[in-house]
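K.L.:
First the structure, then my questions, so here it is.
The values are calculated or read from the model by the stated rules, or taken from the named source; none is laboratory data. For clarity, every value in this text was computed on a predicted model and none was experimentally measured. A quick note on method: Cβ atoms are made from the backbone with ideal geometry, for glycine too, and the neighbour counts reach across all protein chains shown.
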Amino acid sequence: MDMLSTRRKAQRLTTMYKITNNHISINQDGILTPVSDINDYDLRTQHTAKYIKLSGSTDIYNKSYFPRTIKDWNSLPQDIIDCKSVDSFKHKMLPYIQRPNTNSHT
């Protein structure tokens, strides 16, 4: 992933962290629906703040902020989601998204 793509992904995930932790107040009705059923069999790839994925019939919609960011957000591990501050979230998230195996959702 190039530097610009990494910065954009980091910014999108940081904004989602702020929304999830009520640092940014937005109307989430119909956009962010928490996943209520977390399966215990694969906790490596799941966390307690997952959202139901959004998808549409157009590529433009599917690449817009929420559908794209929810996909990336849901792929983060629990220890990153559990960060207590924006700075600690960024500190843990940046190395994670720069790893080659986590860059498929750009």
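K.L.:
Just for region 1-31: of the residues that are among the small types (Gly, Ala, Ser) and either in a helix (DSSP H, G or I) or within 13 Å of ILE70 (Cα to Cα) (or both), which one is modelled with the lowest pLDDT?
P.N.:
Ranking the candidates gives SER5 first.
K.L.:
Please work out which one of (1) loosely packed, with under 14 Cβ neighbours inside 10 Å; (2) assigned to a helix (DSSP H, G or I); (3) not aliphatic (A, V, I, L, M) is the condition LYS84 fails and give its number.
P.N.:
That leaves (2) as the condition not met.
K.L.:
Just need a number here: residues in region 46-80 that are in contact with a helix residue (DSSP H, G or I) (Cβ under 8 Å, 6 or more places away or on another chain) and in a helix (DSSP H, G or I).
P.N.:
Residues meeting the conditions: 11.
K.L.:
Now for a different question. When only residues in region 45-81 that are of a type in the set (S, T, N, Q) and touching a His at 6+ places or on another chain (Cβ under 7 Å) count, which is surrounded by the most Cβ atoms within 10 Å (Cβ to Cβ)?
P.N.:
Looking at residues that are of a type in the set (S, T, N, Q) and touching a His at 6+ places or on another chain (Cβ under 7 Å), I get SER75.
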